[in-house]
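Worksheet: one structure, shown below.
The values are calculated or read from the model by the stated rules, or taken from the named source; none is laboratory data. Remember, it's a predicted structure, so these values are computed and weren't measured experimentally. Quick reminder, even Gly has a Cβ in these numbers, built from the backbone with ideal geometry, and neighbours come from all protein chains shown. Just so you know, the surface numbers come from the protein's heavy atoms only, side chains and all, with ligands and any DNA or RNA stripped out. Shrake-Rupley method; radii C 1.70, N 1.55, O 1.52, S 1.80 Å.
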Amino acid sequence: MEDGILKHYVGIDVGGTNVKFGMFSSEGELEKKWAIKTDSGDEGRRMWRQISDSVRKNVSANRLAGIGIGIPGPVLENGFVEVCVNLGLHNFNPVAILRENFPAVRVSAANDANMAALGEQWKGSGRGFKTLGMITLGTGVGGGIILDGKIVYGANGLSGEFGHIQFNPDETENCTCGGRGCINQIASATGIARYAKKMLRNDPGNSALRAVKNLNAKDVIDAAKRGDVLAESTLRFCMDYLAKGIAAISYVVDPEVFVIGGGVSNAGDYLIRMIQKCYDPYITLSKKKAKVIKASLGNDAGIFGAARLAMQEEEEDEGREH
Ligand SMILES: [Zn+2]
């Protein structure tokens, strides 16, 4: 690439429904964002073609310096994905595929929640912290660890798959992963609703939740905020379970902050305070505790992180050249 030409970096976040794109300047300004429908048929061939076409259409080729792509499943550092359940795809490498279509461009890939963690650390509420743990509370529980500004991939792509830490040997139902007693089964939106239903069956106490049809996590959180005792103790149980897992991360990598994202985090300060309160007593070896804070980039965290990863690859390459 010639000097003096403004460079663009594209962050891509592949989800089960949409593929989101963001075009960023080298200063990290989000200049444009767009999305296309996810079509993972024909073993993903259509999707890769559509993604490549969409990048070509939206970003001028002579300015494109890097592409980062987040995938909803375990991703190795070289880009290899063994299985992506959400997309129904096996044994593929988005880095290799996109490099074929963009031979002059740096391409990097990571798990989508790891990308979100990097995004929050770069431009979101984790800004200014070098070491951070991100927990996404949505339909499932995901996460990512950033150490010294970099995604921790791990050996098998498991790093940050925090939701599948198994704490409860007495769990009788299976998690989506096939395991039992996962944090995911208690602290995800699905888990909160499931646990509330269990409480309603086992606890004879009054609760506004008894009148709610198709109970979901938001119903539980809203009722808890209004002082419903059963809802409050349900939520506290779920967040305590989560906090135990967060504390386990602290005893391994000791992040400065934990950033809470995902749909459940829209419950706001009430929930963040509750998690902090549950977390603190588990940290027994230090008076100073990591701060629990709310994510700020929402659904854009993934594209921010993906663009940042593409930039980091370039910085590293340039570091090696000089
Ligand atoms: Zn699991």
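Laid out as a table, the results:
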quantity	calculated
Criterion violated by F129 - all others in (1) in contact with an Asp or Glu (Cβ under 6 Å, 6 or more places away or on another chain); (2) hydrophobic (A, V, I, L, M, F, W, C); (3) outside the structural domain of Y251 (by TED's automatic domain parsing) satisfied	(3)
Within region 216-245, tally of residues that are among the aliphatic types (A, V, I, L, M) and farther than 26 Å from P169 by Cα	4
Among residues of region 31-64, those that are outside any helix (DSSP H, G or I) and not charged (D, E, K, R), counted	11
Qualifying residue in region 90-103 (condition: open to solvent by 10 Å² or more (accessible area, probe 1.4 Å), in contact (Cβ under 8 Å) with a residue 40 or more places away in the chain and over 25 Å from the mean Cα position of the chain (by Cα))	yes
Any chance K225 is out of contact with any Ser or Thr (no Cβ under 7 Å at 6 or more places or on another chain), without any contact (Cβ under 8 Å) to a residue 24 or more places away in the chain and more than 15 Å from the ligand (Cβ to nearest atom)	no
Top-ranked residue of region 14-42 - restricted to ones that are under 28 Å from N62 (Cβ atoms) and free of Cβ contacts under 8 Å to residues at least 12 places away in the same chain, ranked as most open to solvent (accessible area, probe 1.4 Å)	E27
Test: residue in region 111-131 that is free of Cβ contacts under 8 Å to residues at least 24 places away in the same chain, assigned to a loop (DSSP other than H, G, I, E, B) and not small (G, A, S)	yes
Qualifying positions in region 150-197 - more than 8 Å from the ligand (Cβ to nearest atom), open to solvent by 20 Å² or more (accessible area, probe 1.4 Å), within 24 Å of I221 (Cβ to Cβ) and over 16 Å from the mean Cα position of the chain (by Cα)	F167, N168, E173, T190, R194, Y195, K197
Qualifying residue in region 204-220 (condition: under 21 Å from the mean Cα position of the chain (by Cα), within 16 Å of the ligand (Cβ to nearest atom), open to solvent by 80 Å² or more (accessible area, probe 1.4 Å) and in the same structural domain as A248 (by TED's automatic domain parsing))	no
Meets criteria (away from the ligand (no atom under 16 Å from the Cβ), buried (at least 22 other Cβ atoms within 10 Å of the Cβ) and within 28 Å of E120 (Cβ to Cβ)) for L285	no
Residue in region 66-88 that is in a loop (DSSP other than H, G, I, E, B), free of Cβ contacts under 8 Å to residues at least 60 places away in the same chain and of a type in the set (A, V, I, L, M) present	no
Considering residues of region 135-148 that are open to solvent by 10 Å² or more (accessible area, probe 1.4 Å) and away from the ligand (no atom under 15 Å from the Cβ) only, the residue nearest to the chain's Cα centre (by Cα)	I145
Pick from region 1-45, criterion acidic (D, E) and out of contact with any helix residue (DSSP H, G or I) (no Cβ under 7 Å at 6 or more places or on another chain), ranking: modelled with the lowest pLDDT	E2
From V259, V252, V229, V220, residue being among the β-branched types (V, I, T) and under 13 Å from L137 (Cα atoms)	V259
